[in-house]
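The structure appears below as structure tokens.
All of the numbers you see were taken from the coordinates with simple rules; none came from a lab. Note that the coordinates shown come from a computational prediction; the quantities given were computed from them, not determined experimentally. Every residue, glycine as well, gets a Cβ built from its backbone with ideal geometry; the counts of neighbours run over all protein chains shown.
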Amino acid sequence: MDQAPPLPEINHQSVLIEGGLALDCGVHLRQLVVAYRTYGTLNAARSNAVLICHALTGDQYVAETHPVSGKPGWWGEMVGPGKPVDTDKYFVICANVLGGCMGSTGPRSPHDDRPGEPWGIEFPPVTIPDMVRAQKKLIDHLGIERLFAVVGGSMGGMQVLAWAALYPAHVFAAVPVAAAAFHSAQNIAFHEVGRQAIFADPDFHAGRYWQHEAIPARGLAVARMTAHITYLSEAALSRKFGRKLRGADSLTWFGDRFEVESYLEHQGSSFVRRFDANSYLTITRAMDFFDLAADHGGVLAEAFRGTKTRFLLVSFSSDWLFPTAQCRAIARALNHVAANVSFVEIDSDKGHDAFLLDEPDFTRTMRGFLAGAAEAAGLT
Amino acid sequence: MTSDTPVRYVAKNMRLDLTLIAGMIAPRSRVLDIGCGDGLLIDHLFRTKGCDARGIEIDMAEVTRAVTHGLPVMQGDADDDLATYPDAAFDYVVLSRTLQAVERPREVLRQMLRISTRAIVSFPNFGHWQVRSQLLLSGRMPMTPAWHRMWYETPNIHPCTISDFFALCAADGYRVEQWLAVDEAGRRAPWRRSRRMANLFGEQGLFLLRRD
């Protein structure tokens, strides 16, 4: 794993945005590229567009085979022909986030001032609203005035909330799933462990690893392993692995390995083949910065005052990373401004990861909410 | 709206008391249904009256069913969640057969008439003659079609009579715009002229209140 090859170069479908992007940190990105994928057909009224926002380590390949890993799309059960986000009805768009490493402008992109080398560790800090502003420029480029729906889980859900706060007139329905209006101290703490693992890897080379034709594979893998634990629940880990050993029925005292250890190793090593360490640092920081209430005088409800958007909030009972209480706080803030809110907690023992897995109650809820919203929007 | 407003809507497959409630609600109004179950009433109000109708329901399975049908329903309960709405956010707030099961009925009513111009409340009448006679004759807690759970497992922790409810409305200054006594199936009972008779023979009370 220590000698993992550099990330493969792939041509992603993308658009170069005129004028770049002014970031929250004050830096103006002159070169802004947004890589994206679309599925389905935009109708004549341009009213059936659904934007999917991906999570920390997701990307734009939401409903098709991933070009690097060869795995099915990360939300293939949710998005596709006849699926809850039905590409026979809706025009689905998914963009790689700003700061990502799958074609959108990020640490691997050419430096604005020194185009011969990548931004690397010098890539400016970005925020969740910055990511959303970049997506808005893509939506403008596609000639779409109002999105029928913006849907996303985890960090994608944070983007959905930011969309609803920044562009209320351009979002008919919003579906933040397993999300929160701010990143908690516990969440920041786990991210920091991951970042420290990357910093501590000798192959990190102070963030200029590309100059040494190396990648901090060990550090990035450990970061992923730590994060992965937070995506699961104790019950899910027990059910899946328990105390099972790899290749033995009982302890032999000769290099015994628990199944859960090799599972995490695998998660870590497959991650470093598709993800850039500086991107991981940039995006985890963006999540840590997120606090929607702080941007509105400390009152979350103010982020949504006057909103006409229809909301569906979804949490999962065993999710301790983005617990139901966080979701309920958003629901109550929306009540404060008499917004149209549906709020469901799905009973699941699969932890935060449940939003990516086959949860029949969740898929039914999503399908029904979108169908009801489509009726209200006159889309049927 | 006066107490003589006729009840016009009789939807098939809808509980009759919900039909009576729907008949009290003006078209295109903003409605919050507390304890909405799977959303039968809000669906009806949306489809037949063009209302902006939403629901709160405590039972997550019911919430999921409602949202699956595209209805705007959130998980929550009357005791805790009404406080989160702004003043006068709705034209009607509905509490159907739930008042007797909330922790603080008086506060729930106060919140209802804070967030809404009008409140529609229905509840099983503990003053019904069968309830009275069973307690009198057997000395045991009554078991009737409306009060059918044993005292140790009933969720109905705050039973009241139609007369009790009138007294609370008077004490807290709510105007009773319309009231009905109905039987358990939700059919109107013929004792509307006399509160005393309604309190004796009505199985449920249904009230349309307005804050003064």
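Measuring between their Cα centroids, segment A:11-84 and segment B:87-147 lie 52 Å from each other. Relative contact order for segment A:136-216: 23 percent, from Cα pairs under 8 Å spaced at least 6 residues apart, divided by residue count. When peptides A:159-166, A:209-216 are sorted by average Cβ neighbour count within 10 Å, with the highest value leading, the order is A:159-166, A:209-216. Protection proxy ranking, highest mean first, for peptides A:137-147, A:334-344: A:334-344, A:137-147, where packing is the per-residue count of other beta-carbon atoms within 10 Å, averaged. Of the trypsin sites (Lys or Arg not before Pro) found in segment B:26-115, those that fall in a DSSP loop while having at most 13 other beta-carbon atoms within 10 Å are B:28. The radius of gyration of the Cα set in segment A:166-228, together with its Dmax, comes out at 17.1, 49 angstrom. Put simply, the convex hull of the Cα atoms in segment A:1-132 casts, on average, a shadow of 9.7 nm². Computed over chain B with a Gaussian network model linking Cα atoms closer than 10 Å, the most mobile of B:62, B:153, B:103 is B:153.
Take every DSSP beta bridge whose two residues both sit in chain A; close to 35 percent of them are antiparallel. The angle between the Cα long axis of helix B:129-138 and the main principal axis of chain B comes to about 40°, on a 0 to 90 degree scale. For chain B, relative contact order (Cα pairs under 8 Å, six or more residues apart, normalised by length) works out to 19 percent. A simple spin-label model places pseudo-atoms 7 Å from Cα toward Cβ; at residue B:135 and residue A:248 they are separated by 7.1 nm. Sequentially through segment B:175-183, phi angles give Karplus couplings (6.51, -1.76, 1.60; θ = phi - 60°) of 7, 8, 7, 7, 8, 9, 9, 10, 8 Hz, Gly and Pro residues having no value and appearing as x.
Based on the alpha-carbon gyration tensor of segment B:44-103 and its eigenvalue square roots a ≥ b ≥ c, which shape applies: rounded if a/c is under 1.5, prolate if not and a/b is larger than b/c, or oblate? Oblate.
Where in chain A are the helices, taken as whole DSSP H runs, whose Cα atoms extend 15 angstrom or more along the long axis and whose Kyte-Doolittle mean reaches at least 1.0? In chain A, the long hydrophobic H runs are A:155-166.
Share of Cα-Cα pairs in segment A:188-285 beyond 16 Å, in percent?
60 percent
Among A:203, A:113, A:347, the residue with the largest mean-square fluctuation in a Gaussian network model of chain A, with springs joining Cα atoms closer than 10 Å, is A:113.
The helix-based estimate of mean residue ellipticity at 222 nm for chain A, built from -39,500 (n - 2.57) per DSSP H run of four or more residues and divided by its residue count, is -10000 deg cm²/dmol to the nearest 500. Relative to the dominant Cα principal axis of chain B, helix B:40-49 is inclined by about 50°.
In chain B the Cα-Cα distances spread across 10 Å bins starting at 0 as 9, 35, 39, 16, 2 percent of all pairs. Taking A:233, A:184, A:69 as the candidate residues, the one with maximal mean-square fluctuation in a Gaussian network model of chain A, Cα springs under 10 Å, is A:69. For chain B, the longest principal axis of the alpha carbon atoms and the long axis of helix B:105-115 meet at an angle near 30°. Taking K and R as +1 and D and E as -1, what net charge do the other residues with C-beta under 12 Å from the C-beta of residue A:10 add up to? Combined, the nearby Lys, Arg, Asp and Glu give 0.
Could you please state, rounded to a whole Å, how far the C-alpha centre of segment A:165-181 is from the C-alpha centre of segment A:304-380? Spelled out, the Cα-based centre of one part sits 10 Å from the other. Only Cα pairs under 8 Å and 6+ residues apart enter the sum, and on that basis the relative contact order of chain A stands at 18 percent. For chain A, the fraction of alpha-carbon pairs lying more than 41 Å apart is 11 percent, rounded to a whole number.
Counting Cβ atoms of other protein chains within 10 Å of each residue's Cβ and taking the mean over peptide A:355-361 gives 1.
Computed across segment B:112-201, the Kirkwood hydrodynamic radius from all distinct Cα-Cα pairs reaches 14.4 Å. Working value for segment B:58-135: equivalent-ellipsoid semi-axes of 26, 18, 11 Å, each the square root of 5 times a Cα gyration tensor eigenvalue, largest first.
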